[in-house]
Amino acid sequence: MRKKSVVGNWKMHTTADEARRLANAVVEGVGNDDRVSVALCPPFPYLALVGKILDGSLVALGAQNLYPEEEGAFTGEVSPTMLLDVGCKVVILGHSERRHALGESNAFINQKVRAALSAGLDVILCIGETLDQRKVNRTESVLDRQLIQGLAGLAPDALPRLAIAYEPVWAIGEGGHRATPRQAQEAHELIRNSFGKLFGEKPSLALAVLYGGSVKPESAAALLHRSGVDGALIGGASLNADQFLAIARAGIREPKTKGVAA
Ligand code: 13P
């Protein structure tokens, strides 16, 4: 069984003080327990301050976006090199909020994925269908297209640094529906099969597929213990250290008494 990954996507939340408190609490809660991989993705302005807190801990720093150029006249944008410079190991790309609210296309997301990987960042590529698409049985074709176009032209040696987050758009946020663990598992299977068709069976078996449809402490264990669910990308619950750590604990099969398993 692959080690589970639990990643906090803070979205456009927190002040500097809240970011500091949250990061410190997560670092303390994780301690030296490495049975689950943990990462935090604060907003850009707090990357450096959170990076300092995470430095030397088992918690990795991640970003929520980047621009696919090394430098230049791109007002308001942030490059892969800058993210590495402040200590990021990973970047979330293709989040549905960027696809739907900011109009990002698969082609643009693909440029970002390639730029991030070639700069040396790990990538979590988010994909997922809307409720309307699910209702008319288009889940598989939507996931396929987002994978095929989002991952076009990737070098095989970059694949170990790529994870996919399945984020059913209809299950994100407080007002969303809830996906059952079975629905999550089925979608993860579709994603792994589709990835296998693109890159071969071995990379598809090694691929981490995280679930990102509003995971809460109460729902975490049932989701994380499904076969093919390799972790979770958490929005709202990652803004509360106790809830986030409880989700991380749920990724451990045999809780002991230290660190995230306390
Ligand atoms: P919520 O956990 O707030 O539903 O958000 C999920 C998500 O979009 C994670 O990236």
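The values are calculated or read from the model by the stated rules, or taken from the named source; none is laboratory data. No experiment lies behind these values; they were computed from the predicted model shown. All Cβ positions, glycine included, derive from the backbone under ideal geometry; neighbour counts span all protein chains shown. Protein only, heavy atoms only, side chains kept; ligands, DNA and RNA dropped before computing areas. Shrake-Rupley method; radii C 1.70, N 1.55, O 1.52, S 1.80 Å.
Just checking, does region 34-42 include any residue being open to solvent by 30 Å² or more (accessible area, probe 1.4 Å), within 30 Å of residue 146 (Cα to Cα) and at pLDDT 95 or above? Break it down stepwise before answering.
Initially, region 34-42 is screened for residues open to solvent by 30 Å² or more (accessible area, probe 1.4 Å), giving 34-35, 37.
The next check asks that each one be within 30 Å of residue 146 (Cα to Cα); those that pass are 37.
So of that shortlist, the ones also at pLDDT 95 or above come out as 37.
Yes, the conditions are met somewhere in region 34-42.
Being small (Gly, Ala, Ser) and in a loop (DSSP other than H, G, I, E, B) narrows it down to one of 76, 51, so name that one.
76
Restricting attention to region 5-21, which residues are over 20 Å from residue 97 (Cβ atoms) and within 20 Å of the chain's Cα centre (by Cα)?
Across region 5-21, the qualifying residue is only 5.
How many residues, within region 213-244, are of a type in the set (Gly, Ala, Ser), within 10 Å of the ligand (Cβ to nearest atom) and at pLDDT 95 or above?
At the first step, the residues of region 213-244 found to be of a type in the set (Gly, Ala, Ser) are 213-214, 219-222, 227-228, 231-232, 235-238, 241.
Imposing the further condition that a residue be within 10 Å of the ligand (Cβ to nearest atom) reduces the set to 213-214, 232, 235-238.
Next, only the ones that are at pLDDT 95 or above stay: 232, 235-238.
Residues in region 213-244 being of a type in the set (Gly, Ala, Ser), within 10 Å of the ligand (Cβ to nearest atom) and at pLDDT 95 or above: 5 in total.
Could you please tell me which pairs satisfy a Cβ distance under 7 Å, a separation of 6+ or placement on different chains, a first residue in region 234-251 that is open to solvent by 20 Å² or more (accessible area, probe 1.4 Å), and a second residue that is part of a helix (DSSP H, G or I) and near the ligand (Cβ under 10 Å from one of its atoms)?
If the second residue must be part of a helix (DSSP H, G or I) and near the ligand (Cβ under 10 Å from one of its atoms), the pairs left are 243/237.
In region 66-76, which residues are surrounded by fewer than 21 Cβ atoms within 10 Å (Cβ to Cβ) and either of a type outside the set (D, E, K, R) or closer than 20 Å to residue 126 by Cα (or both)?
Selection gives 67, 68, 72, 73, 74, 75, 76.
Examine region 11-31 for a residue that is polar (S, T, N, Q), in contact with a helix residue (DSSP H, G or I) (Cβ under 8 Å, 6 or more places away or on another chain), buried (at least 21 other Cβ atoms within 10 Å of the Cβ) and within 27 Å of residue 104 (Cα to Cα), and state whether such a residue exists.
no
For residue 165, are the conditions met, namely being in a strand (DSSP E or B) and either within 16 Å of the ligand (Cβ to nearest atom) or more than 22 Å from residue 98 (Cα to Cα) (or both)?
Details: in a strand (DSSP E or B): yes; either within 16 Å of the ligand (Cβ to nearest atom) or more than 22 Å from residue 98 (Cα to Cα) (or both): yes.
For residue 165, the condition - in a strand (DSSP E or B) and either within 16 Å of the ligand (Cβ to nearest atom) or more than 22 Å from residue 98 (Cα to Cα) (or both) - is met.
Considering every residue within region 183-203, establish whether at least one is in contact (Cβ under 8 Å) with a residue 12 or more places away in the chain, open to solvent by 40 Å² or more (accessible area, probe 1.4 Å) and within 16 Å of the ligand (Cβ to nearest atom).
Within region 183-203, one or more residues are in contact (Cβ under 8 Å) with a residue 12 or more places away in the chain, open to solvent by 40 Å² or more (accessible area, probe 1.4 Å) and within 16 Å of the ligand (Cβ to nearest atom).
A quick yes/no check of all residues on (1) open to solvent by less than 20 Å² (accessible area, probe 1.4 Å); (2) at pLDDT below 95; (3) part of a helix (DSSP H, G or I); (4) more than 16 Å from residue 65 (Cβ to Cβ):
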| position | (1), (2), (3), (4) |
| --- | --- |
| 83 | yes, no, yes, no |
| 117 | yes, no, yes, no |
| 137 | no, no, no, yes |
| 147 | yes, no, yes, yes |
| 174 | no, yes, no, yes |
| 177 | no, yes, no, yes |
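For the condition under 20 Å from residue 187 (Cα atoms) and assigned to a helix (DSSP H, G or I), what is the one hit in 142, 123?
Result of the check over 142, 123: 142.
Do the conditions hold for residue 219, that is, is it under 15 Å from residue 129 (Cα atoms) and either touching a Lys or Arg at 6+ places or on another chain (Cβ under 8 Å) or open to solvent by 70 Å² or more (accessible area, probe 1.4 Å) (or both)?
No.
Go over the candidates 58, 49, 102, 131 one by one and state the one that is out of contact with any Leu (no Cβ under 9 Å at 6 or more places or on another chain), touching a residue at least 40 places away in the same chain (Cβ under 8 Å) and either surrounded by fewer than 18 Cβ atoms within 10 Å (Cβ to Cβ) or within 15 Å of residue 39 (Cβ to Cβ) (or both).
131
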